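The structure appears right after this line, and notes come after that.
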Amino acid sequence: MFSAITNMSVQLVNRYLPSPFVFSIVLTLIAFAVGLATTGQNMIAMAGHWGNGLWSLHSFAMQMALVLVTGYAFASAPFIQRLLDNLASRVHSPLASLVVTVLT
């Protein structure tokens, strides 16, 4: 019963929910229109603000990607996996898991 409801929900979402790209385009157009209406600037100036703001996030996005890739590579190393498995096998209470999580 639960899997049937889940499958029906997934089919409805796949059929009627637009892709995230459509949401990003619509939200960009809304922000552009609101910016035009509230600041009194022309379309060229607003497009320039959008472009400058987008590229200022590029370095942060690359740093986050590097953190994810190196963190995954580090955690996938056999030595680190054995260390984490050994550490996790010694934790038997919620307080101990909190302490281990904070210290590691």
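In the list [x] 14.0, 43; [y] 20.3, 65; [z] 23.5, 63, the label attached to Rg and Dmax of the Cα atoms in Å as derived from the coordinates here is [z]. In this rough spin-label picture, where each label sits 7 Å from Cα along the Cβ direction, the Gln41-Asn86 distance is 5.7 nm. Between Leu68 and Ser93, the distance separating the two model label sites (each 7 Å from Cα on the Cα→Cβ line) works out to 3.8 nm.
Since every read-out is calculated from the coordinates, none of them should be taken as a lab result. Bear in mind that the values here come from a model prediction, so they are computed numbers and not experimental data. Reconstructed Cβ throughout: ideal geometry from the backbone, glycine too, with neighbour counts over all protein chains shown.
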